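Data block below; observations after.
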Amino acid sequence: MSQRELNDICIIAKQAGLILREGYEKHHDIKSKGRQDDLVTEMDKKSENFILDRLNALYPGDMVITEETGQHTGNADHVWYIDPLDGTMNYAHGIPLFAVSIGYAYKGELTMGVVYDPMRDECFYAEKSKGAWVNGKPIHTSERSDLKNSLFVTGFSMKVLEERGISNFPAFEHFMRTTAGVRRTGVAALEICYVSCGRFDGMWELKLCAWDVAAGFVIAKEAGVKITALDGVSEAFKGPYYDYIIANPELHTALKNELEPFKLTL
């Protein structure tokens with residue numbers, strides 16, 4: 001048994017979210033991490049430092065993998081995946097859509113996840129075999145099965161185009177023409193949660209990192225979402241690239257088949 005407590009993680013995520021909310025729309029020190037679309041602010045670091053301090057106090061010796069400072073060595077049976085500010089671009093531009101994401105894996109298996117939206121005060125959380133929740137209410141993915149009336153969400157990474165020669169734009173255009181629409185919020189953790197509670201019907205994404213998806217994948221799985229790599233079969237939480245399709249089981253198959261002609265995998 002992992003001995004880690006989901007309630008502790010919810011509290012940490014909410015406290016980190018309060019730090020972000022208090023700094024929202026204030027002047028920030030904005031820097032690029034090598035690309036114009038890959039930003040970091042002092043608030044990313046402030047939130048991350050807080051989370052690291054709290055985890056170290058509660059669970060000293062655990063391994064931690066974070067967006068800003070990378071891997072912190074520790075017991076590999078207990079691994080935390082932290083995105084202290086998912087949606088930095090939104091945050092830096094004063095767009096009130098961003099989140100704190102904390103996922104946990106025990107002996108290689110994701111077992112707990114928390115995603116907190118400080119502007120809407122929505123805390124999505126789940127633990128293996130115990131269901132998925134938002135603010136105390138159980139959530140479940142949509143039951144929609146037809147592509148035509150389904151609302152999807154995706155994202156665009158210039159890294160995919162530059163490093164792998166793959167563009168998501170043709171697929172995006174196709175689904176814009178043949179479905180109820182496709183959104184792009186810039187906050188992958190929240191997008192996964194929105195599929196989990198039925199606000200979106202499905203999602204596909206390319207080139208994300210472990211801290212982007214770890215918490216959301218736990219929530220999605222517990223909400224009845226099917227999660228795979230783009231081939232529709234393989235494990236999605238497996239590097240070096242985190243490319244995936246998520247949707248309810250019936251819609252997942254249709255989405256996978258519709259994506260195949262666009263050859264989004266190498």
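Given the structure, is Val213 modelled with pLDDT of 95 or more, buried (at least 23 other Cβ atoms within 10 Å of the Cβ), closer than 23 Å to Thr66 by Cα and of a type in the set (A, V, I, L, M)?
yes
So which residues in region 140-169 are exposed (fewer than 13 other Cβ atoms within 10 Å of the Cβ) and outside any loop (DSSP other than H, G, I, E, B)?
Residues satisfying the conditions are Glu162, Glu163, Phe169.
Exactly one of these conditions fails for Asp62: (1) at pLDDT 95 or above; (2) under 26 Å from Asp121 (Cβ atoms). Give me its number.
(2)
Within region 1-59, can you find the residues that are assigned by TED's automatic domain parsing to the domain that holds Ala105, at pLDDT below 95 and aliphatic (A, V, I, L, M)?
Ile30, Leu39, Val40, Met43
Could you please let me know if Lys238 is charged (D, E, K, R), touching a Gly at 6+ places or on another chain (Cβ under 8 Å) and either assigned to a loop (DSSP other than H, G, I, E, B) or surrounded by fewer than 21 Cβ atoms within 10 Å (Cβ to Cβ) (or both)?
It is false that Lys238 is charged (D, E, K, R), touching a Gly at 6+ places or on another chain (Cβ under 8 Å) and either assigned to a loop (DSSP other than H, G, I, E, B) or surrounded by fewer than 21 Cβ atoms within 10 Å (Cβ to Cβ) (or both).
Among the candidates Val64, Val100, Val79, which residue alone is touching a residue at least 24 places away in the same chain (Cβ under 8 Å), under 25 Å from Lys159 (Cβ atoms), more than 15 Å from the chain's Cα centre (by Cα) and part of a strand (DSSP E or B)?
Criteria check complete, one pass: Val79.
Is it true that Gly198 is modelled with pLDDT under 95 and not in a helix (DSSP H, G or I)?
Considered against the rule, which asks whether it is modelled with pLDDT under 95 and not in a helix (DSSP H, G or I), Gly198 comes out as no.
Exactly one of (1) assigned by TED's automatic domain parsing to the domain that holds Leu85; (2) of a type outside the set (Phe, Trp, Tyr); (3) within 12 Å of the chain's Cα centre (by Cα) is unmet by Glu127. Its number?
Glu127 satisfies every listed condition except (3).
Need pairs with beta-carbon distance below 7 Å; first residue over 25 Å from Trp211 (Cα atoms) and within region 243-266, second surrounded by fewer than 15 Cβ atoms within 10 Å (Cβ to Cβ); sequence gap 6+ or separate chains.
Matching pairs, first to second residue: Phe262/Pro170.
The values are calculated or read from the model by the stated rules, or taken from the named source; none is laboratory data. For clarity, every value in this text was computed on a predicted model and none was experimentally measured. FYI the Cβ positions are ideal-geometry reconstructions off the backbone, even for glycines, and counts take in every protein chain you see.
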